[in-house]
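The values are calculated or read from the model by the stated rules, or taken from the named source; none is laboratory data. Every value quoted in this text rests on a predicted model; they were computed, and no experiment measured them. Note: ideal-geometry Cβ built from the backbone for every residue, glycine included; neighbour counts use all protein chains shown.
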Amino acid sequence: MKLRAPYLQAAPLAVILAAFLLLPMIVLVVVSFFDYDSVQIIPSFVLTNYRDVLGSMVTWRTYLSTLRFTAIVWAITLVVGFWVSFYLAFVVQGRVTQLVLFLVCTIPFLTSNIIRMISWVPFLGREGLLNTVLLRLGLIRQPLEFLLFSDFAVVLAYVHLYTLFVVTPIFNTMMRIDRRLIEAAIDGGARFWQIVAHVIIPLCKPGIAIGSIFVVTLVMGDFITVRLMSGGQSASVGLMISNQISLLQYPAACANAVVLLAVVLLMIAAILRIVAIRKEL
């Protein structure tokens with residue numbers, strides 16, 4: 001009975017994962033091999049959906065566009081998240097102040113993603129607040145067109161939405177760093193950037209990896225941000241899948257989802273290969 005106790009304890013979670021994760025993924029893969037027409041899904045085994053996904057230049061360009069967004073957003077959120085975490089962990093004095101400032105960072109998450117994205121429209125629009133201020137200050141002669149409904153707006157919205165997903169794990173790892181290591185580095189004559197590069201960053205790798213996984217998975221699967229902030233001028237894999245679902249092309253959407261899942265898993269595997277993330281867990 002004692003040998004079975006761990007399995008019995010894990011059984012409820014295993015059942016939940018099987019019902020809400022494993023089973024839907026199996027259905028996704030099975031349906032991706034089905035055929036379809038304009039009115040129905042035809043249960044059969046065909047490779048047409050994967051040929052359309054892997055053999056279409058439009059699909060390849062869409063994946064490249066999504067990867068480009070992911071790389072840009074990952075780089076920006078990593079830099080911003082690292083220095084915000086550094087400020088909270090090493091500059092701010094007092095645990096209470098640190099926790100209060102960290103909670104202030106989470107206030108935007110009390111509203112939905114859509115509301116936070118829409119809030120940028122009156123700020124970045126042609127006659128929005130930013131253009132109005134710049135015009136009145138004489139810094140520009142005409143409104144800046146690239147601020148809204150562009151790739152810039154998409155990246156800005158992503159950074160706004162997902163930076164906290166990088167701040168949280170990095171801040172957590174920084175708070176675990178033994179301050180005596182930094183004091184020893186200072187006593188050894190190390191300068192600020194040397195301490196950051198050779199002490200803090202190596203010890204923060206698990207947090208950086210976790211934040212990177214969050215950002216990669218969220219951006220790769222997102223579609224609503226691209227739809228709202230680009231004004232239909234940019235494309236992403238998530239948006240393409242959403243459009244296929246709206247056209248009732250479920251097998252094609254499933255095939256795209258399977259390919260997207262494979263790409264994301266490969267990216268996560270690469271991150272886990274570089275960083276021993278189990279130390280954080």
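Here are a few things to note about the model shown:
Okay, residues lined up against (1) charged (D, E, K, R); (2) in contact (Cβ under 8 Å) with a residue 40 or more places away in the chain; (3) under 25 Å from residue 223 (Cβ atoms); (4) touching a Pro at 6+ places or on another chain (Cβ under 6 Å):
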{"position": "18", "(1), (2), (3), (4)": "no, no, no, no"}
{"position": "22", "(1), (2), (3), (4)": "no, no, yes, no"}
{"position": "44", "(1), (2), (3), (4)": "no, no, no, no"}
{"position": "48", "(1), (2), (3), (4)": "no, no, yes, no"}
{"position": "51", "(1), (2), (3), (4)": "yes, no, yes, no"}
{"position": "60", "(1), (2), (3), (4)": "no, no, yes, no"}
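- Matching residues, segment 242-281, being assigned to a helix (DSSP H, G or I) and β-branched (Val, Ile, Thr): 245, 258, 259, 263, 264, 268, 271, 274, 277
- Residue-level check: of (1) on the phi > 0 side of the Ramachandran plot; (2) under 24 Å from the mean Cα position of the chain (by Cα), residue 138 misses just (2).
- In the set (1) surrounded by fewer than 22 Cβ atoms within 10 Å (Cβ to Cβ); (2) touching a Ser or Thr at 6+ places or on another chain (Cβ under 8 Å), the condition left unmet by residue 246 is number (2).
- Filtered residue count, segment 1-54, keeping only those that are assigned to a helix (DSSP H, G or I) and within 31 Å of the chain's Cα centre (by Cα): 29
- From the list 147, 78, the lone residue that is more than 20 Å from residue 213 (Cα to Cα) and either under 15 Å from the mean Cα position of the chain (by Cα) or modelled with pLDDT under 90 (or both) is 147.
- One residue from 215, 237, 219 being touching a Leu at 6+ places or on another chain (Cβ under 6 Å), crowded, with 22+ Cβ neighbours inside 10 Å and in contact (Cβ under 8 Å) with a residue 24 or more places away in the chain: 237
- Against the list (1) out of contact with any Lys or Arg (no Cβ under 8 Å at 6 or more places or on another chain); (2) aliphatic (A, V, I, L, M); (3) in contact (Cβ under 8 Å) with a residue 12 or more places away in the chain, the condition residue 140 fails is (3).
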